[in-house]
Amino acid sequence: MKSAKNIIIGSLLIALVVMSIGYSNFASKLTINGTTEITGEWNVKITNVTVESVSDQCDAGSPQFTDTSVTFNAKLHKPGDSITYLVTIENLGTIDAVLNNINFYEDGINGTDAINYTTSEVAYELAAGEKTTLTINTEYLPDTVEPPEITTKTITGTIEYVQK
Amino acid sequence: MITIYLIFSSITISLIIIYILLKLNLNLFTVNNRKVLFILFFIYTILTIVLYVKNLSIYKNIVNPLFWILILIYLIIYKKDYFFHLSNKKKQIMFTIVISVIFVVFDFTIGLITGFTKSPYNHHLDSIIKNFFTIIIPLIGLEYSRCFLIIKYKHNKVSIIFITLLFILMEINYRTLINTFFNKELFFQYICSTILPIIANNILYTYLVFNSNYPLPLIYKIINKLMLIFAFFLPSMDWYMVGSLSLIKVTLFYVIYKYKFTKEKKYRNKNSFVLLTYAFTLGFATIFISFMLGLFKYEPIAILSNSMSPTFRRGDVVIFKKENSNKLTNGNIIIYSLENKFIAHRIIKTIDNNNSISFITKGDANNTPDYKNVQPNQIKGVYVFHIKYIGYPSIWLKQYFSNSKMY
């Protein structure tokens, strides 16, 4: 009886401490809106964001992402420069998913028309176990005559899948 | 339409198989050999692992529901005594319903703090039918089988452990396990949010069936699944919340059930003390989780470098208080985020430019200020105090993941 109690309490506390140590490593505290891991079968999320290519003297920053959103800070140096990001979305659950909404927008304060961005198409259907990649390309327009004061573009995107 | 077609064809196939077995009079199942079902589950578990990896869609939509329909039919036809004469456990059933509903309400109450998000489940009729077929039916078959096996093997401890292990293995999503295996961060999250709760839940389910001789886990699971399938909004939870709350809920269920349905009266008084110990542990765990999640005004952060030495050093944990940037002055140590990292440095100068405030910061041990000014929206809080050395486990884990986010 006493032994069982100790094992249960001990296991619970060890598991919680290990999880908490891990959480302190990964988490941006309370940025969990748009995340639902409560369901066992549903698990579609952004799993990785990488910088595919970056022109000389440009700064791709460190893209930040949650399960359903991603933010880039692209700092470009001169006309013609570009940075390309790859966003991987995976269906890690057991339910087939379809794209419900994809929305990208730029920071209104930091924005400049001299830097443009384009997004590739993303898979409409994402069967259980599959993954898809979205490409975001930011470009300092080559024909820019008067360089803007700020050459950084902040882009945020949300990608929402629902059950097929 | 495809969904309905798949469902009907699967049910038809299963009925045909049963009919053929009856006609052939193979006596396969009528043999009073409890090992048959056991071996069948073992083979099916291996098949599950293979199919999860090879063709998840066929497994989830056809093979799995079909298998459990067959098992249910088998139990109904050949194990009538078991299936229809499960002793009525009104008190336990009511208790399980009440606890399950309380847990659902608890999840939604959490949503009031963390927010809600639209349910990913489709609410069209064909999707509801599909969910019923692919989620609810297997669940019923699985829980009745668990109950049957545990009752049959009740006096053999090794078999009970083996049955629990078997059901744990049947619930794991092997494709996700493999997909996340090579990404240490995702793998850790998957283990914490899914595998640990599966293990804890299955131990609880075994305990419930063992003690009640009734498929109580079915009631608990059905209420949870129905909430998921039919709710239009679900509480936002990240992996840490899901994992830790699952463990707490399992322990809570176990403690209350054990206390309420302990048969021996002589243990009652003793159990009051045990219950108090559990209550204290669970209360502490809940407060600890809330603290880690940042639900309080104070939050912890592990320090990775000696840039603020001698005030605090690598391996210390700093407790900071969420504070409005208007209240900050030169000399305050602030915690701010930069490119998904947390930095704890001292304000050396405040720049007020046309009502737009920013801060120049510097580590006490650094020779130069930080290369970027800190904007108010980056600030997480202000340093309150620190605890020496307890941040080292976090640092070691960080080094293991090679994904530094703190300076």
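Only the coordinates and a few stated rules stand behind these numbers; no lab work does. Treat the numbers as computed from the prediction; the structure is a model and nothing was measured. With ideal geometry, Cβ positions are generated from the backbone for all residues, glycine too; neighbour counts draw on all protein chains shown.
Here is the size of the stretch B:298-401 from its Cα atoms: Rg then Dmax, 13.6, 45 Å. Taking the charge dipole of the stretch B:296-407 about its Cα centre, with +1 at Lys and Arg Cβ atoms and -1 at Asp and Glu Cβ atoms, the residue from B:Gly315, B:Ile343, B:Val374 reaching farthest to the positive side is B:Gly315.
Computed about the Cα centre, the dipole magnitude for the stretch B:73-213 is approximately 460 debye when only Lys and Arg (+1) and Asp and Glu (-1) carry charge, each at its Cβ. Taking a threshold of 23 Å on the Cα-Cα distance, which of the pairs B:Lys225/B:Lys258; B:Lys54/B:Lys157; A:Lys153/B:Lys372 fall above it? From B:Lys225/B:Lys258; B:Lys54/B:Lys157; A:Lys153/B:Lys372, over 23 Å: B:Lys225/B:Lys258; B:Lys54/B:Lys157.
Among the residues of B:108-120, the average count of other protein chain beta-carbon atoms within 10 Å of the residue beta-carbon is 4. Straight-line cross-link reach from B:Lys321 at under 14 Å between alpha-carbon atoms covers these aspartates and glutamates, not counting any fewer than eight positions away in the same chain: B:Glu299.
The mean number of partner chain beta-carbon atoms within 10 angstrom of a residue's beta-carbon across peptide B:297-304 is 1.
Strictly over 18 Å apart at the Cα level, which of B:Lys60/B:Lys249; B:Lys341/B:Lys362; A:Lys131/B:Lys341; B:Lys327/B:Lys349; B:Lys91/B:Lys260 would you flag in this model? Table pairs above 18 Å Cα-Cα are B:Lys60/B:Lys249; A:Lys131/B:Lys341.
With Rh defined as the Kirkwood radius, the inverse of the mean 1/r over Cα pairs, the Rg/Rh of the stretch B:299-354 is 0.98.
As an exercise, use a Förster radius of 45 Å and the Cβ-Cβ distance of B:Ile387 and B:Asp126 to find the FRET efficiency, rounded to the nearest 0.05.
In this case the efficiency is close to 0.20.
Alpha-carbon geometry of the stretch B:126-251: the Rg and the Dmax are 15.6, 45 Å, given in that order. Applying 1/(1 + (r/R0)^6) with r as the Cβ-Cβ distance of B:Ser159 and B:Lys184 and R0 = 41 angstrom yields a FRET efficiency of 0.70. For the stretch A:123-135, backbone phi angles converted through the Karplus equation (6.51, -1.76, 1.60; θ = phi - 60°) give residue-by-residue couplings of 4, 6, 9, 10, 5, 4, x, 8, 9, 9, 10, 10, 9 Hz, Gly and Pro being listed as x. Ranked by the mean number of other Cβ atoms within 10 Å of their residues, highest first, the peptides B:54-67, B:243-256 fall in the order B:243-256, B:54-67.
Modelled this way, with points 7 Å down the Cα-to-C-beta line, the labels at B:Lys91 and A:Asn116 are 7.5 nm from one another. Inter-chain Cβ neighbour count for A:93-101, averaged per residue, equals 5 (cutoff 10 Å, partner chain atoms only). Approximating the spin labels as points 7 Å out from Cα along Cα→Cβ, the B:Ile319-to-B:Glu171 distance works out to 3.6 nm.
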